[in-house]
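S.K.: Quick one: this structure, given as structure tokens, is what I'll be asking you about.
The values are calculated or read from the model by the stated rules, or taken from the named source; none is laboratory data. What you see is a predicted model; the values in this text were computed from it and never measured. So basically every Cβ, Gly included, is an ideal-geometry build from the backbone, and we count neighbours across all protein chains shown. Areas reflect the complete protein model, heavy atoms only, side chains present, ligands, DNA and RNA absent. Shrake-Rupley method; radii C 1.70, N 1.55, O 1.52, S 1.80 Å.
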Amino acid sequence: MADIPSECNIKVLCRFRPLNQAEILRGDLFLPKFTGDDTVVVGGKSYVFDRVFPTNTTQEQVYNTCAKQIVKDVLGGYNGTIFAYGQTSSGKTHTMEGKLHDPHQMGIIPRIAEDIFNHIFAMDENLEFHIKVSYFEIYMDKIRDLLDVTKTNLSVHEDKNRVPYVKGCTERFVSSPDEVMDVIDEGKSNRHVAVTNMNEHSSRSHSIFLINIKQEHVETEQKLCGKLYLVDLAGSEKVSKTGAAGAVLDEAKNINKSLSALGNVISALAEGTKTHVPYRDSKMTRILQDSLGGNCRTTMFICCSPSSYNDAETKSTLMFGQRAKTIRNTASINLELTAEQWKRKYEKEKEKNKTLKDTIQKLEAELNRWRNVSSSIPAGEDVPETERTEPEIVTRFESVEERPILDNDTSSIVVRISEEERQKYEEEIRKLYKQLDDKDDEINLQCQLVEKLKQQMLDQDELLASSRGDGDKVQAELGRLQVESDCAKAEVKEVLQALEELAINYDQKSQEVEEKGLQNQLLADQLAQKMASLMELEAELSRMQEVSGQQRKRIADVLNGLMRDLSEFSTIVGNGEIKLPVEISGAIEEEFTVARLYISKIKSEVKSMVKRCRQLENMQLECHRKMEETGRELSSCQLLISQHEAKIRSLTEYMQSVEQKKRQLEESHDSLSEELAKLQDQDNSLLEEKEGEKGETEEGNVKKVPRQQGESHRGLHHKQLARLRDEINEKQRIIDELTDRNSKLELELAQVRADFERLKSQDSTKSERLEELSFLHERHEQTKQDLKGLEETVARELQTLHNLRKLFVQDLTSRVKKSSEMEPDDSGGSCTQKQKISFLENNLDQLTKVHKQIDSFSFLFQFSLPVSSLISVLSLPPSLFLFPSSWFVTMQICVVSFQSWRNVFGLLLRELRPWRLH
Ligand code: ADP
Ligand code: MG
């Protein structure tokens with residue numbers, strides 16, 4: 001495959017960074033002295049490299065001086081490698097990467113990415129390129145893919161040309177510098193994600209960026225390929241320290257196995273070609289096997305700090321560089337031959353073989369000749385080495401123990417073995433390597449398994465921690481819930497208290513209502529009593545009315561009688577047949593006494609009636625007062641009731657809101673407890689799993705106890721809650737009942753009120769009636785007064801009438817005596833006269849009777865006798881209609897009656913005058 005191998009040393013370039021801020025502040029000395037382009041003097045010792053870059057060298061200068069050529073080589077089909085070696089913070093990353101997106105400060109990798117494509121664009125159009133990049137890091141001797149974080153422990157294999165490569169690492173095809181930069185960015189971000197302390201991590205891991213370029217000539221089908229490794233090594237300080245101390249510290253060994261292996265490989269290579277090179281000691285040296293002493297053009301940057309503080313590290317770094325400088329590589333173009341080329345090569349090789357075989361034959365002949373001669377040469381005489389024509393088959397063994405047959409010369413490791421043996425050994429070596437690879441694979445597999453298990457363990461730990469955290473959270477939540485539930489309890493308690501208060505209030509109110517009802521009842525009773533008394537009064541009134549009606553009837557009868565008598569009287573008077581009664585006086589006297597008796601009786605009756613009226617009035621007043629009081633009480637009761645109603649309403653609303661709140665709290669509590677239960681179940685299952693794994697049964701028992709306690713607590717809590725809810729429901733029911741009762745009572749109250757109103761109206765009508773009655777009574781009184789006057793007048797009139805009658809009687813008797821003395825035989829005439837006189841006397845008698853009756857009943861005329869009838873009966877003048885008041889009418893009637901009497905008597909006297917004159 002290799003075409004024209006060219007041997008060359010590894011290029012070692014030394015770069016010093018400037019003193020940093022901390023070093024300047026500390027006052028560190030600037031150690032290096034730069035003499036010429038390739039020499040630096042540190043601590044009086046000068047170190048020579050291919051190139052030494054002083055502190056002020058720019059990134060571009062560094063790139064142009066060394067890295068640019070490598071790009072050309074790789075595009076030309078060579079393998080290339082650029083290392084950066086040095087202690088932490090010496091400028092390795094600055095050199096390899098720099099500031100990735102800063103055109104001035106960018107390091108070698110971004111510049112190469114750009115340069116490759118620039119070259120490609122300038123090359124033959126018939127060339128087809130396939131560029132792949134990979135990015136991985138080696139930490140603790142494990143290869144981690146930076147483009148796929150799931151690949152944490154990749155293994156190293158050998159391809160068909162026995163060149164090692166990282167198996168299974170992600171390869172990205174790129175077609176522009178930007179894509180390369182994207183891949184770098186992605187890798188860097190992945191590297192950051194995976195670790196906690198990036199500085200420490202980067203100082204202890206190697207990052208490798210691999211660019212794989214394949215090109216094919218479209219026409220000639222000539223294929224070339226080149227690999228470019230860009231390696232930013234881990235900080236070299238541990239190695240240098242271990243180197244300085246001469247003993248390998250365990251930590252350093254663990255952390256930087258690769259770096260120490262690199263040191264060993266370089267030492268081995270630097271020592272010479274004969275020693276075994278321990279490439280297989282670490283993955284890194286394995287991958288870079290070709291770069292160190294193989295088919296590769298390698299450049300190594302030795303990065304150093306100029307500070308006196310880092311004196312020792314710098315010196316060891318410089319020594320390392322010096323050693324590396326001696327390594328020789330044999331680079332060749334990686335050319336894939338076409339069939340034609342292979343054929344030609346075969347022919348060539350065949351030719352070569354032929355000539356070599358000829359030579360061998362010639363040499364064998366010569367050898368035999370010499371053997372024959374040597375048998376004639378005495379023993380102990382050695383043949384000078386330069387003269388030896390005998391072909392020597394020399395094999396290098398990689399370890400001293402493997403040297404099978406040593407020559408007498410122990411200092412030499414060259415042994416003489418037969419072809420057969422050599423082949424056997426090579427076969428053995430191949431087998432051993434195969435085994436070694438297999439073992440490597442196995443180890444890798446086991447490592448991966450271990451890694452997986454570790455990852456699983458970590459995951460489990462994380463899960464455990466998270467579930468513990470969850471548990472804590474749940475506990476906190478539980479606490480919070482408990483606090484909330486306590487709050488809710490307190491609230492419920494408050495609500496219950498409020499309810500109790502309400503109930504008490506309600507009881508009080510209902511009691512009050514009852515009292516009021518009782519009072520109402522009492523009032524109603526009183527009212528009923530009043531009503532009864534009123535009824536009694538009414539009955540009495542009706543009785544009296546009846547009585548008065550009877551009296552009226554009697555009056556009417558009497559009057560009718562009187563009228564009749566009067567008419568008879570008038571007819572008699574008109575006819576002139578008036579006869580004066582003989583013994584009237586005694587009868588009249590009798591009649592008057594009867595009339596007086598009547599009057600006194602009526603007086604007493606009127607008095608008792610007046611008294612009764614007064615009593616009734618007083619009672620009415622009392623009733624009014626009581627009613628007013630009841631009304632006032634009722635209105636206050638109403639007010640109280642409305643207040644209570646409002647209060648009940650507001651309390652009901654409050655209760656509803658509290659109920660709602662409670663419901664919400666209950667719901668949230670339920671949901672939370674469900675969640676809690678779920679979480680606890682999860683936690684428990686996790687714990688059980690863990691316990692199952694660990695087989696710690698005792699601890700499990702210990703953990704179960706608080707769980708059970710928690711469960712029992714929850715159960716209790718639930719029970720308590722349920723009880724409280726039941727109680728609340730019961731209270732609600734009671735409240736509802738009470739509200740119902742309240743509404744009933746209210747209804748009753750309204751009814752009572754309506755009754756009261758009704759009674760009130762009845763009372764008012766009664767009082768009106770009473771007023772009317774009292775008015776009547778007043779009139780009655782008035783009439784009585786008038787009657788008194790009348791009585792007196794009547795008495796006087798009667799007296800005069802009496803006197804008149806006496807006179808009349810005397811006159812009559814004297815006349816009678818005279819006539820009997822003068823005309824004793826005129827008996828016929830005296831007989832008619834006697835008849836007339838007796839008639840008159842009879843009439844007078846009747847008149848007196850009527851007069852008496854009139855005297856006793858005239859005061860009742862006002863009640864029953866219609867004025868018009870009286871007028872018509874008595875044929876009175878129409879002027880009487882002008883008197884509107886009943887009093888006047890009464891008076892007038894009396895006057896009229898007396899006038900008519902007078903008229904009657906006047907008539908009588910006029911009738912009697914001729915008699916007297918006679
Ligand atoms: P390393 O990768 O070796 O640990 P870095 O490359 O990260 O070290 O460099 C450490 C610091 O020194 C960085 O801040 C970097 O910018 C600075 N630095 C390194 N080399 C140079 C240089 N040649 N010129 C200027 N600054 C530098
Ligand atoms: Mg670094």
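S.K.: Skipping prolines and chain starts, which residues have an amide H placed within reach, meaning under 5 Å, of the one on residue 165, given they are 5 or more residues away or on another chain?
M.R.: Answer set, sorted by chain and number: 157, 158, 159.
S.K.: Shifting gears a bit: Using a 1.4 angstrom probe on heavy atoms only, work out the carbon and sulfur share of the accessible area of segment 1-80 in %.
M.R.: 53 percent
S.K.: Right, something else. Amide H of residue 52 versus every other amide H placed in the peptide plane: which residues, excluding those fewer than 5 positions away on the same chain, fall under 5 Å?
M.R.: 14, 38, 39
S.K.: Take the Cα pairs of segment 105-232, get the Kirkwood Rh, then feed it into Stokes-Einstein at 4 °C and 1.567 mPa s and tell me D in µm²/s. The partial results should precede the final answer.
M.R.: Working: Rh = 15.8 Å.
Estimated diffusion coefficient is 82 µm²/s.
S.K.: Measure out, as a whole number of angstrom, how far apart the alpha-carbon centroids of segment 758-790 and segment 27-52 sit.
M.R.: 150 Å
S.K.: Related question: Once neighbouring chains are kept in place and the probe is 1.4 Å, which whole percent of the accessible area of segment 474-565 is contributed by carbon and sulfur? Write down the numbers at each step before the final one.
M.R.: On the way: 3020 of 5750 Å².
Here it works out to 53 percent.
S.K.: Let me ask something additional. Once you wrap a convex hull around the alpha carbon atoms of segment 471-516, what is its projected area averaged over all directions, in nm²? Could you put the intermediate results ahead of the total?
M.R.: On the way: hull surface 10.8 nm².
That works out to 2.7 nm², a quarter of the Cα hull's surface.
S.K.: Turning to a different aspect of this structure: Near the amide H of residue 222, under 5 Å away, which other amide H atoms are found, from residues 5 or more places off or on another chain, if H is placed in the peptide plane?
M.R.: Residues meeting the criterion, in which the H sits 1.01 Å from N, are 217.
S.K.: What is the packing order of peptides 201-207, 623-629, taking the mean over residues of other C-beta atoms within 10 Å and listing the highest first?
M.R.: For the peptides 201-207, 623-629, the packing ranking is 201-207, 623-629.
S.K.: Rounded, prolate or oblate: which fits segment 59-165 when a ≥ b ≥ c are the square roots of the eigenvalues of the alpha-carbon gyration tensor, with rounded for a/c under 1.5 and prolate only if a/b beats b/c? Mind showing how you got there, number by number?
M.R.: Numbers: a/c = 1.85, a/b = 1.12, b/c = 1.66.
In terms of gyration-tensor shape, oblate.
S.K.: Using only Cα atoms, figure out Rg for segment 764-803 and give it as a multiple of 2.2 N^0.38 Å.
M.R.: Working: Rg = 16.7 Å, N = 40, 2.2 N^0.38 = 8.9 Å.
Relative to the rule-of-thumb radius for its length, segment 764-803 sits at 1.87.
S.K.: If you take the Cα atoms of segment 289-334, find Rg, then find the Kirkwood Rh from the mean of 1/r over all pairs, what is Rg/Rh? It would help to have the intermediate numbers written out before the result.
M.R.: Values: Rg = 13.8 Å, Rh = 12.0 Å.
In segment 289-334, Rg relative to Rh is 1.15.
S.K.: Considering only 52, 67, 24, whose Cα is most displaced toward the positive end of the charge dipole of segment 24-75, charges sitting on Cβ of Lys, Arg (+1) and Asp, Glu (-1)?
M.R.: Checking the options against the dipole of segment 24-75, the answer is 24.
S.K.: Here's another thing I want to ask about it. Ranked highest first by the average count of other Cβ atoms within 10 Å around their residues, in what order do 612-620, 444-452, 360-368 fall? List each step's numbers first, then the result.
M.R.: Working: 612-620: 16.0, 444-452: 13.7, 360-368: 11.8.
Per-residue Cβ counts within 10 Å, averaged per peptide and sorted highest first, yield 612-620, 444-452, 360-368.
S.K.: Here is a further query. Taking the mean number of other Cβ atoms within 10 Å as a proxy for protection, how do you rank 538-546, 285-293 from highest to lowest?
M.R.: 285-293, 538-546
S.K.: Which of the pairs 661/690; 132/348; 132/354; 509/626 have their Cα atoms more than 32 Å apart in this structure? Don't skip to the answer; put the middle values down first.
M.R.: On the way: 661/690 42 Å; 132/348 35 Å; 132/354 43 Å; 509/626 25 Å.
Result: 661/690; 132/348; 132/354 exceed 32 Å.
S.K.: Using the heavy atoms of the protein chains alone and a 1.4 angstrom probe, what is the accessible area of segment 446-571 per residue in square angstrom? Intermediate values should be presented prior to the final figure.
M.R.: Numbers: 8310 Å² over 126 residues.
Accessible area per residue, segment 446-571: 66 Å².
S.K.: Another question, then. Which lysines does residue 784 reach when only Cα atoms under 28 Å apart count, and residues fewer than 8 places away in its own chain are ignored?
M.R.: Residue 784 reaches 553, 601, 603, 607, 611, 766, 849, 852.
S.K.: Where only protein heavy atoms count, and the probe is 1.4 Å, what is the accessible area per residue for segment 32-183 in Å²?
M.R.: On the way: 6660 Å² over 152 residues.
Result: 44 Å² of accessible area for each residue.
S.K.: Tell me the carbon and sulfur percent of the accessible area for segment 605-669, rounded to whole percent, probe radius 1.4 Å. Numbers along the way, then the final one.
M.R.: On the way: 2340 of 4350 Å².
That fraction is 54 percent.
S.K.: Let me ask something else about it. Determine ³J(HN,Hα), in whole Hz, for all residues of segment 485-494 in sequence, where each value follows from phi through the Karplus function 6.51 cos²θ - 1.76 cosθ + 1.60 and θ = phi - 60°; x replaces Gly and Pro.
M.R.: These are the phi-based 3J(HN,Hα) values: 5, 4, 4, 4, 4, 4, 4, 4, 4, 4 Hz.
S.K.: Can I ask one more? Residue-wise, which Karplus ³J(HN,Hα) couplings in Hz belong to segment 50-55, taking 6.51 cos²θ - 1.76 cosθ + 1.60, θ = phi - 60°, and x for glycine or proline?
M.R.: 5, 7, 10, 9, x, 4
S.K.: Return the sequence-ordered ³J(HN,Hα) values of segment 735-743 in whole Hz as given by the Karplus equation 6.51 cos²θ - 1.76 cosθ + 1.60 applied to θ = phi - 60°, using x for Gly and Pro.
M.R.: Going residue by residue, I get 4, 4, 4, 4, 4, 4, 4, 4, 4 Hz, with x marking Gly and Pro.
S.K.: Continuing with the same structure: Work out the length of the dipole vector of segment 94-185 about its Cα centre, built from +1 on the beta-carbon of each Lys and Arg and -1 on the beta-carbon of each Asp and Glu, and round it to the nearest 20 debye.
M.R.: Details: 10 positive and 18 negative charges, 102 e Å.
My answer is approximately 480 debye.
S.K.: Let me ask another. What is the extension gain from residue 341 to residue 322, computed as 0.36 nm multiplied by their sequence separation minus the C-alpha to C-alpha distance, in nm to one decimal?
M.R.: Values: separation 19, 0.36 × 19 = 6.84 nm, distance 4.14 nm.
The span from residue 341 to residue 322 would gain 2.7 nm if fully extended.
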